[in-house]
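Read through the structure below, which is laid out as structure tokens, and then see the notes.
The values are calculated or read from the model by the stated rules, or taken from the named source; none is laboratory data. Please read these numbers as outputs of a predicted model, since none were measured by experiment. Every residue, glycine as well, gets a Cβ built from its backbone with ideal geometry; the counts of neighbours run over all protein chains shown.
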């Protein structure tokens, strides 16, 4: 394989689109240009109630609601990528919400600034639920091998994009960050048009499988641990915020690289990826939490390392379970994402509520010890028994075969039909585009031929294949795929 071909495996439209999503998350929820804005709005402040950023709480709650709605939708409407308006709606809502929490509060009347900010937080939560759900479905469909490559590549590309945006002047960066969801969803749609559509008989199949409870418990536990860390370290000295953000980005990029090495080079199974890497790092992060500032910030970076590492592991588990249990990718990803976000919401609220009584290092050390003990118990009684029972604990993600295609591929089906119909080479080119639902204008542009030439080829194709419309032609190809 040449260097150029290897690069294409990493820098795909999906990788770049997913990277835009990650860069948006880091900018909005970590950059002081965004999450500090809510603290300056007095109508949003509730004295003594919480030290969490209003953007975090409102957006996370709206995100949970949005994911729950998409989960119900995925039960009867799948794949979600067939809903052509969903990427547009998700991208627009996220972009509009981003501007409402960053730019609009500074230009509207002071009395309306808090309302605009709160509205933006809700819009970002609902919109990002659609964005991450679509990416979850797309990557889980790819299987664990390609998912891991896309995920790791997106983390590195997103880190580069985030670093570049932090160097851009304030107002410009806010508009640039708001454009990231639109760019990501644009790449998602563009890549989706290059993929074959699912045959009609395999769309919108009602899911009767039980929820993946063992996987949900694991995701819920890690979500709660992240929320606890978030709630316990929410108040940070302003002079240290930039340092914390840099350490977090470095930790996340290091986690992605470490995951790729341990899963691809050393080919660890899910149990070893969890026990030997993720859990020790999570425990070490909480172990460093009681230290004096600024050293406990190092603990958050260590924890972020372990959490992000296992976050990628979870996505790979979703791909394995969706493949083995023969359920729609959106169904499996929705349960996992919803469990994580519910855990983060619960954990952050509990951690913030406990922050008041924890006035000394001894109290913080007690909480850290309790979390470490809980992690040990979960490892012993949840991960071990549950993963062994479901069979995914001993799976090596790089050795897992992707889900077999339904029948044969679209290209193979087109080739078989074209061969039977004795189509010429140029007729075959037109036929393959017709089978993908393209219209005459698109075919003219794609093949650089005139409209009359396309009409002539279409007429010949219909005559040879004995069909009378493009829909009949598509049905013919889908039947070939199913039989194949």
Would you mind stating whether residue 312 is over 22 Å from the mean Cα position of the chain (by Cα), assigned by TED's automatic domain parsing to the domain that holds residue 159, outside any loop (DSSP other than H, G, I, E, B) and in contact (Cβ under 8 Å) with a residue 60 or more places away in the chain? no
Is there a residue being at pLDDT below 85 and surrounded by fewer than 20 Cβ atoms within 10 Å (Cβ to Cβ) anywhere in segment 332-346? no
Would you check if residue 266 is closer than 25 Å to residue 139 by Cβ and surrounded by fewer than 17 Cβ atoms within 10 Å (Cβ to Cβ)? yes
Quick check on residue 49: is it in the same structural domain as residue 137 (by TED's automatic domain parsing), closer than 27 Å to residue 242 by Cα, at pLDDT below 90 and not in a helix (DSSP H, G or I)? yes
Pairs please, first residue from segment 24-37 and in the same structural domain as residue 297 (by TED's automatic domain parsing) and modelled with pLDDT under 70, second anywhere and crowded, with 17+ Cβ neighbours inside 10 Å and not in a helix (DSSP H, G or I), Cβ atoms under 8 Å, 6+ apart in sequence or on different chains. 35/53; 36/53
Checking the structure you have, find out if any residue of segment 317-326 is surrounded by fewer than 15 Cβ atoms within 10 Å (Cβ to Cβ), modelled with pLDDT under 90 and at positive phi. yes
Provide a single number: the residues in segment 268-286 that are farther than 25 Å from residue 230 by Cβ and free of Cβ contacts under 8 Å to residues at least 40 places away in the same chain. 2
Quick one: count up the residues across segment 70-104 that are in contact (Cβ under 8 Å) with a residue 12 or more places away in the chain, surrounded by fewer than 22 Cβ atoms within 10 Å (Cβ to Cβ) and either outside the structural domain of residue 54 (by TED's automatic domain parsing) or part of a helix (DSSP H, G or I) (or both). 12
Under 9 Å between Cβ atoms, which residue pairs at least 6 apart in sequence (or on different chains) link something in segment 140-168 that is at positive phi with a partner that is part of a loop (DSSP other than H, G, I, E, B)? 143/400; 143/401; 143/402; 143/403
